[in-house]
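Bear in mind these aren't lab numbers, they're just calculated from the coordinates by the rules spelled out. Keep in mind it's a predicted model, so treat the numbers as computed, not measured. Backbone-built Cβ (ideal geometry, glycine too); neighbour counts: all protein chains shown.
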């Protein structure tokens, strides 16, 4: 294999940038859970649960090593990113993946450039050949130079795949209940009230018993519903929901009628935000519209606990927002709750060691397929 080089910035330019910028970048090797999550919560935008300390610890079980990097100004943390490092043998070195991050002052181009210069240096020292990011920054922010242009100038290129859905639907649950109901589509509001009138109630089940029912619904849904695929293994789904539940960042809710569970959702929480991660239902009493009241009562639960931002996660990309999309039915259900579409740039790759990064890029699709075949799980 040819020697790896980095042509994006010469050593002289890197040195001059570092000497004149007010920002410094370092790896936070011994940071505690509380400190990291505090930095993330206070970061511009408030962070994402998939950047939390616990998420990094969970992924460590699957051979991803968390590397936590902070951007500082005058000794204060002003941005950060948690990168998950994975050994990509037979390609020498590691891939770094910053899931739903980093969280930076994107309005400050100098800060952004300083952060990624520092990340590049740390990644190179630690043997990474590619750095993959997934920033949740709106491309259309008026006071931000086009994020894609800045990333391109730094050396990033659009990744082959967007790993998490880049387009989401967000509900502002800080509004009074009357306003939240008023923002809903008429049919959604009607179904919420119908379910309540018919005696649907929303509860948090005991985890172990509830999870078995919930997984059975997920599996059944994947078998009967077109466009819904259960690509994670049972072991993975149990491990991730149990882990986040035990640390207070995951909650399971059921809608039930006369004691019979009918539908469920599992949400992740962090700071003032929560995310609709998994949802499923049985075939009984669907005419009672349990899923509608379930969403509404979880919104009310969130409001009582000071949560203000509800990310309903996957909806079709803006360019695919029509009835031909496999996510169209999901979108129409979520849209009914009055949220707004949020679109981010998706995944970008930064080649750190060019020859190895090129080799990984060529191998990547085959590696994904083999990983899924051998482990019955997606790679990321």
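Over all directions, the projected convex hull of the C-alpha atoms in the stretch 65-203 averages 13.5 nm² in area.
Which percent of the Cα-Cα distances in the stretch 212-300 go past 16 Å? Across the stretch 212-300, Cα pairs with separations above 16 Å total 56 percent.
For the pair residue 242 and residue 20, a Förster radius of 35 Å applied to the C-beta separation gives a FRET efficiency near 0.10, rounded to the nearest 0.05. Annotation: extensible slack from residue 212 through residue 179 equals 8.3 nm (criterion: 0.36 nm per residue apart, minus Cα-Cα distance). On a 0 to 90 degree scale, rounded to 10, what angle separates helix 186-197 from the longest Cα axis of the chain? Around 60 degrees separate the two axes.
Think of it as helices only: each DSSP H run of n ≥ 4 in the chain is worth -39500 (n - 2.57), and spread over all residues that comes to -12000 deg cm²/dmol at 222 nm. Need the C-alpha centroid separation for the stretch 346-364 versus the stretch 143-174, integer Å. Distance between centres, Cα-based: 18 Å.
When every Cα-Cα distance of the stretch 22-127 is counted in 5 angstrom steps from zero, the calculated P(r) takes the values 2, 13, 24, 25, 20, 10, 4, 1, 0 percent.
Given R0 = 51 Å, the distance between the Cβ atoms of residue 146 and residue 284 translates into a calculated FRET efficiency of 0.55.
A Gaussian network model of the chain, with springs between Cα atoms under 10 Å, assigns the largest mean-square fluctuation among 190, 348, 97 to 190. At an R0 of 35 angstrom, the distance between the Cβ atoms of residue 153 and residue 125 translates into a FRET efficiency of 0.90.
Rounded to the nearest whole angstrom, the semi-axes of the ellipsoid equivalent to the stretch 167-342, taken from the Cα gyration tensor as √(5λ), stand at 22, 20, 18, largest first. Note on the chain: GNM, Cα springs under 10 Å; of 27, 126, 319, the largest mean-square fluctuation is that of 319. Residues 53, 380, 292, ranked from the fewest to the most other C-beta atoms within 10 Å, line up as 380, 53, 292.
Plainly put, the stretch 271-374 has a radius of gyration that is 1.10 times its Kirkwood radius, both from alpha-carbon atoms, as the Rg/Rh ratio. Rounded to the nearest 10 degrees, the inclination of helix 207-224 to the longest alpha-carbon principal axis of the chain is 90 degrees.
All Cα-Cα distances of the chain, cut into 20 Å bins from zero to the largest, leave 26, 56, 17, 1 percent in each bin in turn. Taking 269, 20, 188 in turn, the Gaussian network model of the chain (Cα-Cα springs below 10 Å) assigns the largest fluctuation to 20. Counting other Cβ atoms within 10 Å as a rough exposure proxy, the listed residues 303, 185 run 185, 303 from fewest neighbours to most. Helix 109-125 and the longest principal axis of the Cα set of the chain meet at an angle near 70°.
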